[in-house]
Amino acid sequence: MVATKMRVGLVVGLVMTCAPLFAHHGSAIYDTQKVVVLKDATITKFIWANPHSIAMFDAKDDKGNVLHWAAEAGSPSALSLIGWTKNSLKPGDVVTVYTFQSKNGNPVGRLNKVVLTDGTTLKDSQLGDADSKERSEKPY
């Protein structure tokens with residue numbers, strides 16, 4: 001009886017310890033088969049934090065309405081290895097954003113890359129370069 005309780009306790013303990021491993025969603029919620037290109041997007045906020053950095057920006061849709069977007073990128077440690085800093089994107093910067101939009105169509109995505117006005121390209125650490133994927137040019 002005591003041995004059975006110890007086994008159950010051990011199994012429950014292992015499951016609880018391993019549960020966080022299943023919490024990360026990866027990129028499953030994004031349509032990684034096509035890239036949405038958002039030209040003349042204005043950065044409103046850049047969050048340099050773990051587990052993902054977040055770029056928030058405004059971009060106009062095809063009717064001229066401003067949409068408030070948010071796109072996640074890699075962790076600061078991963079992004080810093082490929083040239084990003086916490087000051088790479090500043091509020092007011094006008095950029096071109098390449099993102100994999102959420103499958104439900106909301107203005108949320110996974111950054112693919114950001115092109116600054118001086119032509120500098122900041123790629124995301126996980127999904128690489130939009131040029132290697134099929135493109136979906138949207139007029140906003």
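Taking the Cβ of residue 49 as the center, what net charge do the other residues with Cβ under 12 Å away carry, scoring Lys and Arg +1 and Asp and Glu -1?
On the way: positive: 45, 86; negative: 72.
In short, +1.
Each label was represented as a point 7 Å from its Cα along the Cα-to-Cβ direction; for residue 104 and residue 63 these points are 2.1 nm apart.
Filter the cross-link list 39/113; 63/90; 63/86 down to pairs whose alpha-carbon distance in this structure exceeds 24 Å. Each step should come with its number before you reach the end.
Details: 39/113 12 Å; 63/90 26 Å; 63/86 33 Å.
Over 24 Å Cα-Cα: 63/90; 63/86.
Suppose R0 equals 22 Å. What FRET efficiency, 1/(1 + (r/R0)^6) with r the Cβ-Cβ distance, do residue 28 and residue 50 give to the nearest 0.05? Result of the calculation: an efficiency of 0.65.
Using heavy atoms of the protein chains and a probe of 1.4 Å, the accessible area assigned to residue 122 is about 10 Å².
The values are calculated or read from the model by the stated rules, or taken from the named source; none is laboratory data. Values in this document were obtained by computation on a predicted structure and should not be read as measured data. Glycine gets a Cβ as well: all are built from the backbone with ideal geometry, and neighbour counts include every protein chain shown. For the accessible areas, the whole protein counts, side chains as well, though only heavy atoms, and no ligand, DNA or RNA atoms are used. Shrake-Rupley method; radii C 1.70, N 1.55, O 1.52, S 1.80 Å.
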